[in-house]
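The values are calculated or read from the model by the stated rules, or taken from the named source; none is laboratory data. Everything quoted here is computed from the prediction, not taken from an experiment. Counting neighbours? That spans all protein chains shown, and the Cβs are built from the backbone with ideal geometry, glycine included. Ligands, DNA and RNA are excluded from the accessible area calculation, which covers all protein heavy atoms including side chains. Shrake-Rupley method; radii C 1.70, N 1.55, O 1.52, S 1.80 Å.
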Amino acid sequence: MNASYEWLRAFVPLDATPAQLRDLLTAHTATVEELVALRADLAPIVVARVVEARRHPESDHLWATRVDAGGADLLDVICGAPNVSEGKLYPFAPVGTTMPNGMTIERRKIRGIASNGMLCSARELGLGENHDGILELDVAADPGTPLLQAMPVGDTRLVVDVGANRPDLLSHLGIARELAAIRGTPWTLPEIAELGPDIPPATSARDKGSTAGITITVAADTATRRYVCAVVTGVQIGSSPDWLVRRLAAVGIRPINNVVDATNYVLHELGQPVHAFDLRKLAGGAVTVRLARPGEKLVTLDGAERALPVGTVVIADATKAQAVAGVMGGRDSEVSSDTRDLFIEVASFDPKRTRAARRSIGLSTDASYRFERGVDPQLAPLAMERVVRLIIGLAGGSLADAAVDLCAPQPPPRELLLRAARVSQVLGADVPMAQARAHLEGAGFGILSASATELRVRVPTWRTDIFSEVDLVEEVARFQGYDNFPTEIRPFRPTTTVDDPQWTTANRVREAAVALGLLETRPLPFVRGVDATHVRVANPLSENEAFLRTSLLETLTRRAEFNLAQRTGDVRLFEIGSAFAPAGGGMPSEEFRLGVLIMGRRRPAHFTEPQPPVVDEWDAKGIAEATTRAAYPDATIELLPSSGEALWDILVAGDTVGSVRRVALDAPVWAAPAFGLELRLGVVSTAPPAERGRHAYAEARRLPRPAVTKYRALPATPVAEFDLALLVPVGTSVGEVERVVRGVAGELLERLELFDQYTGAGVEAGHRSLAWRLTFRHPERTLRDKEIEGRRSKILGALQQELHVRQRTT
């Protein structure tokens, strides 16, 4: 939503700067994403007074003037405008100024006299089309005052991020209501000098009525909530006044003519779309809101011929469709320079049907954007009065007959109870009911009854997002100001709901991955795929990524290739997200996973190591062990050589839950090899919450449930360490050796660390020498040498018997 700072000030008296207004709205209502200074190109322009004006001695149409621009000396300026006068104020561009059209003002001689700047016309400043003379200023400003300070031409645009639940904020009225409630001041509609006379109230009917001889019918199957229309005759199409052009330009709207500009003004002022038809181009003296007929087409205002799907709501005359309801009008009935009579509609169309129409014809407009989110039906009469009076004031003419208001039955306003105890419970702080009442009344809520402990309120029709008491509590909280609530830790938990086990697991894994130097990425789960192996999305964001991924490495591979295309070969990425698989025509199965991809240098270059080694499969294995341990802290974890394409399979409690593998990339020749791992963290259930169970994945996969963090005292007894150098057959993995060692060493084994590998002289063929350091500790006493030697002997015996591994003696 683009909002004009000056337009908002016309609603609410504001002494805040645009930056302060941004902070106010962001803190209480909606995020203001950007402030755009409009007409910043006029910043160098100043107000100047012409002190002396005489004919140029070498020209019959030039003036030689002396100008006071606020400096210590008067400036000689040559001017060709016929209306320059001594003592008058004009906009002045000093030497060095870049004009809105890109021209740079330089000091130059004109017919022998130096000119030090330029007195500007309205057209040269982009403030109008008048180029016959320089712009005479009627302002109380001293010479040298910046033009943007002297004249209201330097507006600021606020780009507001409006959520789908707050369609009332898609207008200056909606934002002004919020500002008035925040600051505790009233708001009023902006005064417009050109407004025409008051008009009579509309005549009401259910689904059929007439005005000025035009019969209007609204078909029930269109779900139209309100349709107000009027006829204005005798208008004169022309350009809009400067104030209206500036208002529309401030929100990014190009002016067209006085009638269309008036409809756009009301759209952005009130949030109510308005459309004007050329009455002479509507056939048969009838207007009908109906569904499109089979094969019906319409050439819209953008000049494109569009087929109208059956079910699309259209505005039609007696013979054919003239507009797509809530989206765009037709070219055949548009307002043009020879239009004299207008048929004006102000409606509230069904959001679902408007969205379906917009999607089916591939067209989005300011009107459809608002209708899809919901336009308050109660706004239509005000908008009709506003637009008719504005058109008559700008284009002349008169209202031919009282407007007709066709309105479907509307649901009664919601009534809700707000209790002080509930406010205190949710917010953790007491808010007096008198203060809560002031906040709600300022926001437009009606107070039906009030006491020191509760309020009964009526929800305004434009607040379609308010359904329950907790919504009222949120209203009180945001107007109170979140910064005004206490920040200290309270000695109670605000909820009894435990954290989701998958969230807890993901948090542990994320912390472990970051500690290993990995960077998290959060891409969308869409990839290029094939129907046989991937699940196709019914309404993809893009056809070139219309499938759900089956592996997180599919996405991480694309990220790595992008980095390589930017000549960045050091990649350390991880993602915690979902992978999908077809499930027999129904909803796809979804698994929660960790994906990691690493390549490039093992560590940053340093003057002590200009060329660090590149990562290899052992680095990937180490990352796999650390992250798997974080995911399943109390489980038995093994990484065993894979019999398939992977390097290692990751086993937890005997079940395979992931793998470590080489990753094939579309990579340049200089790129290092890439390695990846993927680890299953859980299954995302599609069952209702009550049927899922807290540990559905643990039960389904027979894996240990997520562990609760446990704390224990620091050990007070010393450790006992010894090293084992073993001759291990080449076909025996490290994991198998460690499994036997842990099984025999017992619970006193605190740490088992592989620290050396050797092959070569002194090691018999078919073997390798591996060295482990074993650390033992008893929680209550010092271990004796005899106990340690006994465990060493048992470990060596078990290794010899089970794996044919023996101690290296040389």
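Obtain the nm distance between the two label points defined at Leu640 and Tyr758 by a simple spin-label model: each point lies 7 Å from its Cα along the Cα-to-C-beta direction. So the two model labels end up 3.1 nm from each other. Only lysine pairs 8 or more places apart, or on different chains, with alpha-carbon atoms under 26 angstrom apart are counted in the chain, and they number 11.
For the range 445-491, run through the GluC sites (Glu not before Pro) and keep only the ones in DSSP coil with at most 13 other Cβ atoms within 10 Å of their Cβ. Walk me through the numbers before you get to the answer.
Values: sites: Glu454, Glu469, Glu474, Glu475, Glu488; in loops: Glu488.
Filter output for the range 445-491: Glu488.
For Ala304 and Thr26, the difference between the fully extended length at 0.36 nm per residue and the C-alpha to C-alpha distance is 96.1 nm.
Quick check: with the 1.4 Å probe, what order do Met103, Met433 take by accessible area, largest first?
Numbers: Met103 85, Met433 10 Å².
Correct descending sequence by accessible area is Met103, Met433.
Taking 13 Å as the cut-off, the amide N atoms of the range 248-284 that come nearer than this to a point 7 Å along the Cα-to-beta-carbon line of Val36 belong to 248-254. Reported value for the range 1-131: 155 Å³ per residue, from the convex hull of its C-alpha atoms.
Here each label is just a point 7 Å from Cα along the line to Cβ, and for Ala438 and Arg603 those points are 6.2 nm apart.
Would you mind checking the tilt of helix 785-803 against the longest principal axis of the Cα atoms of the chain, expressed as 0 to 90 degrees and rounded to 10? Here the helix axis deviates by roughly 80 degrees. Projected label points at Leu524 and Met587, each 7 Å from Cα along the beta carbon direction, are separated by 2.2 nanometres.
For the pair Ser239 and Glu58, what calculated FRET efficiency results from E = 1/(1 + (r/R0)^6), where r is the Cβ-Cβ distance and R0 = 30 Å, to the nearest 0.05?
0.20
At R0 = 41 Å, how high is the FRET efficiency between Val514 and Gln149 if r is their beta carbon distance? Nearest 0.05 is fine. The partial results should precede the final answer.
On the way: r = 51 Å, r/R0 = 1.23.
FRET efficiency, Val514 to Gln149: 0.20.
With a cut-off of 8 Å between alpha carbons and a minimum separation of six or more residues, what is the relative contact order of the chain in percent? After rounding, I find 8 percent.
In nm², what is the average projected area of the convex hull enclosing the Cα atoms of the chain?
The directionally averaged projection comes out at 53.1 nm².
Applying 1/(1 + (r/R0)^6) with R0 = 60 Å to the Cβ-Cβ distance of Ala771 and Asp366 gives a FRET efficiency near 0.25. Each Lys and Arg Cβ is given +1 and each Asp and Glu Cβ -1; about its Cα centre, the range 178-316 then shows a dipole of about 420 debye.
With both partners inside the chain, how many of the DSSP beta bridges are antiparallel, as a percent to the nearest 5? Numbers along the way, then the final one.
Numbers: 139 of 148 bridges.
If I count the DSSP bridges inside the chain, around 95 percent turn out antiparallel.
Cα centroids of the range 355-394 and the range 133-173: 25 Å apart. The range 748-777 and the range 66-98 have their alpha-carbon centroids 90 Å apart. Positive-end ranking of Ile598, Leu62, Ile637 along the dipole of the chain, with charges on Cβ about the Cα centre, is headed by Ile637.
Once the Cα atoms are used to define both axes, helix 734-745 deviates from the longest principal axis of the chain by about 60 degrees.
Helix 552-565 and the longest principal axis of the C-alpha atoms of the chain enclose an angle of approximately 70°. Its Cα gyration tensor gives the range 396-441 an equivalent ellipsoid. The semi-axes, each the square root of 5 times an eigenvalue, are 45, 16, 7 Å from largest down.
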